[in-house]
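Below is one structure, written out as structure tokens, with a few remarks after it.
What follows is calculated from the coordinates using simple rules that are stated; it is not laboratory data. A quick note: this is a predicted structure, and the numbers were derived from the prediction, not measured. So basically every Cβ, Gly included, is an ideal-geometry build from the backbone, and we count neighbours across all protein chains shown.
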Amino acid sequence: MSERQTFWTVECEVDEPDLMVCIACLGEVFKRKVPMPDCPACHGVSTYEAFTLDAIRDWGTEQLIEKAVRANAEVEQPVPSAPAPGLELPAE
Ligand SMILES: [Zn+2]
């Protein structure tokens, strides 16, 4: 699958839950963003809710927890300052 997934960015406060989980399929989790136009796994619309990693560890499947940990780590990486060629940035 080479289809490119697009996302809405979700603004989260520092101490707020910032892992967006699809509560319809409980199979997708993204940090501070939600896929658009719908969930890539179950195609549910507006099914994403914010949770903390600790909450996901409480009730998530092993797969979901693994994804959540990975998503959480992704954003901690330093972001390259130059956008990749061809990357579309939203107009300000
Ligand atoms: Zn889903």
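General observations
- Theoretical FRET efficiency, 1/(1+(r/R0)^6), r = Cβ-Cβ of residue 15 and residue 41, R0 35 Å, to 0.05: 0.75
- Converting the Cα gyration tensor eigenvalues of segment 6-76 into ellipsoid dimensions via √(5λ) gives semi-axes, longest first, of 17, 15, 10 Å.
- Exposure proxy shown here: for 38, 18, the number of other Cβ atoms within 10 Å sets the order, fewest to most, as 38, 18.
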